[in-house]
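Here the structure comes first, spelled out in C-alpha cells, and everything after it is commentary.
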Amino acid sequence: MCDQLGQVRQALEAVALSLDPAALSPSVAERALADVTAIEHMAHTAKARLAARVAEGASWKRSGARSPAEHIAKSTGTSVGAVLDDLKLVEKLSSLPAVDAAARSGELSRQQAAAVASAASVAPEHQERLLGEAKRLPLRELQAECGRTRAAHVDREAMRRKHHAERSFRTWTDAEGKGHLHAQGPAEDIAVMAANVQRRRDRLFREAKREHRDEPACAYGFDALKAMLCGDPSDGGGAVGAKVIVRVDLDSLLRGYPAEDETCEVAGVPVAVSAVEDICASGSVFLTGVITKAQRLVGVVHLRRRPTAAQQTGLEWLFPTCAAEGCGQSARLQRDHRIDWAKTKVTVFDLLDLLCPFHHHLKTAKNWALVEGRGKRAFVAPDDPSHPQHSRPLRT
C-alpha cells in the first residue's frame, strides 16, 4: 500500500510540475479541473482516515503534544480544529456505507461529506436522498437541507444544550497579517448578535451614503462590530478592562512609520504606526506600551516572586502565545521561572517565560523544559540533548 501511494505521489508530482494551464483550451482545462478536484476529494478522505489511525497510536505522547489532534496538526501543517473535524467525519462515515463510498471515490468535497454525514448519522435512511442533493444543490443550500434533515431527527433542546456547551470564540492572524475572528454557539444567540451588528451596520451605511462614501456592506458590518466591542467615541463611551499591548520604537512613533529593524506591533502583530495612534486616541481600551528607548526590559530584576508590572507587560508582549514552539494557546498562560524562585529568591526578566497550563505541568511534573534562548522555542523531554540540564549544572 505504501509503495502504491509513493508511486501515485511521484506521478502527481510529475503532472503538477509539467502542468501549463495556458497551453490548454478552456474546455480541456475544465475537464482537467474535474479530474484534479476528484483527486483532491479522494486524497482528503484518505488523509482523514489515515489521521484517525495515527490518532489510535501513542506517537503523540512521545512528541510532547497534548493530544493526538495537536500532533497530527503539527505534522500535516493544518489546525487542530481541522483535524478534529476530520476525525469526527471518519467516525460518522464508519456507519454510513453509501456516504463513505461517495467520499472515497471523490464524489464529495470535504464540506459536502461533512454536511451529508452530519445529517445521515442521525437519519441514515436519508443517505441516498442527500447524496442526490449533493449532486444537485450548491454547497450552502445542501448544508441548509442537511441541517433541516438533522433537526427533524434530533431532540432540539438537547441540541441547543450541546451547542451551548461547545460555544467558543477565537482569533488568529493569517499569512498576510490580516486578523480574523470566529464565534460559534447556539444559532439563536448568533442570530441576536448578528441582528445587533446589522442594526448598527445599517446606521453606518446611511451615514456613509450621506457623506457619498460607498463600501461593501460587509465592511460596514466589521465597523459595526468593532464599535460595539471596542466602544464608539461618538456614543460617549467604550469598553474598558481589555488590555492591549503595543510595542513601538520611539523613532518610529515620532517619524510616523518604522524604518529597517524597527518594531511597531499590537499584541505581537506588525501594524502601521497609524494603528497605534488610533488606539492611543480612542480611549476605549486599557493600553500598555513598550517603547524600546523608554525602558530596557531585559535585566530588570526585583526580589519578589511576582514580576513587576513592567516585567509582566514585557512577558505578555514577548509571549502572545505559549512559549513552547508549536503551541498556539493564548488563554490562561502561566508565569514560569526557569530556575525555581525558591532557589534564586530573585525575579529576573531574562529567566521568565509564559507557558500554557499543559506545558507548565510537563515542566513541573515531568522535567520537560524550553531549550536555552529567548522567545518561542522548542520544548523538549529530559532525555533530549538540547535540554538545559545537559548544558549547565542544575542549581541546588
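Each value in this text was obtained by applying a stated rule to the coordinates, not by laboratory testing. Since the model is a prediction, treat every value here as computed from it, not as a measurement. Backbone-built Cβ (ideal geometry, glycine too); neighbour counts: all protein chains shown.
Applying 1/(1 + (r/R0)^6) with R0 = 56 Å to the Cβ-Cβ distance of Ala123 and Ile339 gives a FRET efficiency near 0.40. Listing Arg199, Arg49 from fewest to most neighbouring C-beta atoms within 10 Å gives Arg199, Arg49. Placing R0 at 56 angstrom, the Cβ-Cβ distance between Glu166 and Ala259 gives a FRET efficiency of 0.75 after rounding to 0.05.
The label-point distance for Asn196 and Gln111, in a model that sets each label 7 Å from Cα toward Cβ, rounds to 2.8 nm. Counting neighbouring Cβ atoms within 10 Å and putting the fewest first, the residues Asp3, Asp85 line up as Asp3, Asp85. Phi angles of region 38-53 translate, via the Karplus equation with coefficients 6.51, -1.76, 1.60 and θ = phi - 60°, into HN-Hα couplings of 4, 4, 4, 5, 5, 4, 5, 5, 4, 4, 5, 5, 5, 4, 4, 5 Hz per residue; Gly and Pro are given as x. A simple rule links phi to the HN-Hα coupling: the Karplus curve 6.51 cos²θ - 1.76 cosθ + 1.60 with θ = phi - 60°, which for region 130-147 gives 5, 5, x, 5, 5, 6, 9, 9, x, 4, 4, 5, 4, 4, 5, 5, 5, x Hz, with x for Gly and Pro.
Take the Cα of Val154, step 7 Å toward its Cβ, do the same at Arg210, and the gap between the two points is 4.5 nm. By the count of other C-beta atoms within 10 Å, a proxy for reagent exposure, Phe205, Phe379 are ordered fewest to most as Phe205, Phe379. Computed from label points 7 Å out along Cα-Cβ, the spacing between Ala331 and Arg140 is 2.9 nm.
Between the alpha-carbon centres of region 174-212 and region 1-71 there is a gap of 36 Å. Counted residue by residue at 0.36 nm each, then reduced by the alpha carbon distance between them, the extension gain from Gln184 to Ser18 reaches 55.5 nm. The gain in end-to-end length when the Ser391 to Glu91 segment is fully stretched comes to 103.4 nm, 0.36 nm per residue minus the alpha carbon separation. Applying a threshold of 30 Å to the alpha-carbon distances of Lys92/Lys363; Lys178/Lys366; Lys74/Lys162; Lys47/Lys226; Lys92/Lys135; Lys178/Lys376 flags Lys92/Lys363; Lys178/Lys366; Lys47/Lys226 as lying beyond it. How much net charge surrounds Leu354 when only the other residues with a Cβ under 9 Å from the Cβ of Leu354 are counted, with Lys and Arg +1 and Asp and Glu -1? Cβ neighbours under 9 Å give a net charge of -2.
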